[in-house]
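Reading through the structure tokens given below for one structure.
Derivation of every value follows stated rules applied to the coordinates shown; laboratory data play no part. None of these values were measured; they are calculated from a predicted model. Virtual Cβ from ideal backbone geometry, glycine too; neighbours counted across all protein chains shown.
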Amino acid sequence: MILSFEGHSFRYECEKICRIYFPTEKIVFGDAPSQPENDPRRVKTCMEPQGENLLFRCEAEIDGRFRGYGFAAASPEPSDEAAYKAECEKLLAKAMTRVLTDLTGIRPPWGILTGVRPAKLMRRYLAQYGEADARRRFTGFLQVSPEKTELAYQVALAENECAALSTEKSFSLYVSIPFCPTRCAYCSFVSHSIAQAKKLIPDYVKLLCREIGQTAAIARELGLQLETVYIGGGTPTSLDAEDLRQITDALHDAFDLRELREFTVEAGRPDTVDGEKLATLKRAGVNRISINPQTFSDAVLERIGRKHTAAETVEKYQLARRMGFDNINMDLIAGLPGDTPEGFAATLDRAIALAPENITVHTLALKRSSELSSENGASSAGRQEAAPYGTPEMLAYASNALPTAGYAPYYMYRQSKSAGNLENVGWTTPGHACLYNVYMMEELHSVLAVGGGAVTRLVDQQDGRIARVYNFKYPYEYIGRFEEQSERKDEIRTFYGR
Ligand code: SF4
């Protein structure tokens, strides 16, 4: 597809709108030096002054069919540049969705809303305009369906409850373990196979423990209060029990964990979980774990390169239960290659029957670096398989079955290139919402992050300003340039010292 622009520079927003309709399409910008000849898909977007107003227009040709639509609107107030730009983008998105919906017949359930955090916007509207007007803005100008508006509203209420527990001094800690047993076919995460990275592990764990100590010293100096700890990855349980013990010991040595509200470890891949590791985590005070089926279909598991069976997921889940873990999350993915709406329904029903406290329903998102991505050389058959057939039906099934089983939505986010621009939703039984997920996703307080690929996100709770401090991405860089990276930690002091 060729996407071109006239009179504006909202490339990213326009690309995101095209992706709603054509999630796996290769998009080339109209001013790119080389362009495919005779591309049957072209979208042209235009913004130009018309008297006192601005004209927003889109023309598109999709596989031999042509549509155009434009309208004039009062120029948004130019007082605040970011708000002006956001408003113009939305108006242009309105012209684009009108044309692309006409040509494809697809009516996007989230309308022109392309952002990562729909519930954050709903929370802002609720605070500014009240419930009735907030809902009207979603279903009206933003063209969000009534069902998705209700979902955003429910999530916003749940997030407000979690937000009430966080104070100006609160922060969370993220510990990154960027290793996995093998790479799943849909994954774009910077994660290293544990077998290949084996010789790096001792140094990695040693330096991670040092960074935990450095970070705790800064938090103490600034008088910050640790609320939640999240050890994620990758797959933290791809480390052995002794490594996990060293890391959790370092956390206990560095921080006072007695007042900690939540301590989560991702035991994501069932094939990495055993009794010894679970006992280590339990002794360390971990009170929430994830054991992720993704699907309960063995055929689909094989297609996506997960080296475990559905039976193994159930076995490890039951082992964790016997060992006293009373807050367990299960991640599922809608839209996996080879899955069907009926298959997904069976997966969800099986998860509900196991009664974990949280079920997180993700929509498949194919990032460029994943094996399944069309842009990564997948065959055309692979592209077909990766298309989001049935994903909306799968999510609709989840939205009915989970509340019936006593689950409520408590956090939500969207990823670029997710099938149909659809959402990922965390569902919880009463009293088990994962605080870390809400604090991190909604940027309610700072998350200090340690380890390879970790990103510290500093939140100024007065004015909402966000600053990021990046750790080196790859484990060998994290190890080799540790001192240089430690110096970056001063940015935390600078941020809080402003
Ligand atoms: S377990 Fe998670 S992080 Fe690891 S390869 Fe699979 S999807 Fe990626």
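Here are some notes:
- Counted by neighbouring Cβ atoms within 10 Å, the residues E37, E147 run from fewest to most as E37, E147.
- Computed extension length for L165-Q461: 105.2 nm, one decimal, from 0.36 nm per residue of separation with the Cα-Cα distance subtracted.
- A simple spin-label model places pseudo-atoms 7 Å from Cα toward Cβ; at E443 and A396 they are separated by 3.4 nm.
- Degrees separating the helix 341-354 axis from the principal Cα axis of the chain, which is the longest one: 30 degrees
- Residues listed by number, the stretch 161-197, amide nitrogen under 19 Å from Q225 label point at 7 Å toward C-beta: 161-174
- Distance histogram in 5 Å bins (all Cα pairs of the stretch 1-107, percent per bin): 2, 12, 24, 25, 18, 11, 6, 2, 0
- Separation between Cα centres of the stretch 284-324 and the stretch 27-59, rounded to whole Å: 47 Å
- Two-site label geometry, L319 and E487: point separation in nm, points 7 Å out along Cα→Cβ: 4.5 nm
- If you take all other residues with their beta carbon under 12 Å from the beta carbon of R288, and give Lys and Arg +1 and Asp and Glu -1, the sum is -2.
- Ascending count of other beta-carbon atoms within 10 Å, so fewest first, for M1, M323: M323, M1
- Magnitude of the charge dipole for the stretch 1-107, about its Cα centre and with charges confined to Cβ atoms of Lys, Arg (+1) and Asp, Glu (-1), is about 460 debye.
- Close amide-amide hydrogen proximity is noted between R41 and I2, D63, each under 5 Å apart and 5 or more residues distant or on a separate chain (H modeled in the peptide plane; Pro and chain starts excluded).
- Spin-label pair E150/T309, simplified geometry with 7 Å Cα→Cβ offset, distance in nm: 4.0 nm
- When L100, L458, L173 are arranged by Cβ crowding within 10 Å, least crowded first, meaning fewest neighbours, the order is L458, L100, L173.
- The chain shape via C-alpha gyration tensor axes, a/c threshold 1.5: prolate
- Crossing angle, helix 118-129 versus the chain [Cα axis fit, 0-90 degrees, rounded to tens]: 70 degrees
- Full extension of the chain segment joining Y12 with D63 gains 16.0 nm, where the gain is 0.36 nm per residue of separation less the Cα-Cα distance.
- To the nearest ten degrees, helix 310-322 and the longest principal axis of the Cα atoms of the chain are 50 degrees apart.
- As a calculated quantity, the FRET efficiency between T104 and A74 at R0 = 25 Å, using C-beta atoms, amounts to about 0.25.
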